[in-house]
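Written below as structure tokens is the structure these notes are about.
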Amino acid sequence: MTRRIVGLLITLVVAAAGGALAWWLATPEVTPERPVTERARAAAAVLGDGHVYVDPSAAGTFTDADLARMDAAAAASDPQVFLVVWPASREAGYGPASDAMHEIGDLTGRPGLYVQVDPGVDLDATDVGIEGEYFSAYGGMDDEAPTAASAVLELIDENDGREYEVGEDTSSPFWGGTGTMIAGGLTIGALSGVCAGLLGLAGWALARRRRAAA
């Protein structure tokens, strides 16, 4: 009887520990909001109505005709595309370009594909406010001129027509969501508890045998 109680207690303790670990992993970390950069505000002010923003430091990168073509193509694309033409800089956001694109998208309130065009360097695309099939900016890049107008237009064309839904998934990335993660943690904890209980009972029985033999 005592052995069963000990085994049950061990099982419950390990199961509870597994559930607590699952809850901790599934709960998103709360981080303080960062201040919005002036550079992002300037881009959002233009993209609130249009589809192409050119930072003053990138003036002259494209001709007026190219900008008009890109603006029309970006507006007609589904999902819509929003182009941010500026040299990559930490002032554009915090860390990766996707941070800056999300910052701008949050300000405009317009869901779609936000693309950072770093003149002469590369393109970086980020979905903001939508959940769509995987899309890579590198699919529309010309190796010799990765940020030429033709490469940008090709990227917009590649984006047009892909499947997506408005709204972003904020659930846990582990095992399909918070509920599933917790259930999985409890299951693992319970199984671990059973194994630990059996091992504990086996060790206890072995110790008793050794004492009896002595």
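The values are calculated or read from the model by the stated rules, or taken from the named source; none is laboratory data. Just so you know, these numbers come straight off a predicted model, no measurement behind them. Please note: Cβ atoms are built from the backbone with ideal geometry, for glycine as well, and neighbour counts cover all protein chains shown.
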(message) Take the residues in segment 82-100 that are more than 16 Å from the chain's Cα centre (by Cα) and at pLDDT 90 or above; name whichever of them is surrounded by the most Cβ atoms within 10 Å (Cβ to Cβ).
(response) F82
(request) Go through the residues of segment 22-42 one by one and say whether even a single one is in the same structural domain as E131 (by TED's automatic domain parsing), buried (at least 17 other Cβ atoms within 10 Å of the Cβ) and at pLDDT 95 or above. (result) no
(message) Can you tell me which of (1) modelled with pLDDT of 90 or more; (2) farther than 22 Å from S57 by Cβ is the one T178 doesn't meet?
(response) (1)
(message) Being modelled with pLDDT under 95 and out of contact with any helix residue (DSSP H, G or I) (no Cβ under 8 Å at 6 or more places or on another chain) narrows it down to one residue among L199, L186; which is it?
(response) L199
(message) Please go through segment 49-81 and give me each residue that is surrounded by 14 or more Cβ atoms within 10 Å (Cβ to Cβ) and among the β-branched types (V, I, T), ordered by number.
(response) V52, V54, T61, V81
(request) Scan segment 58-66 and give yes if some residue there is within 21 Å of D106 (Cβ to Cβ), modelled with pLDDT of 95 or more, not aromatic (F, W, Y) and not in a helix (DSSP H, G or I), otherwise no. (result) no
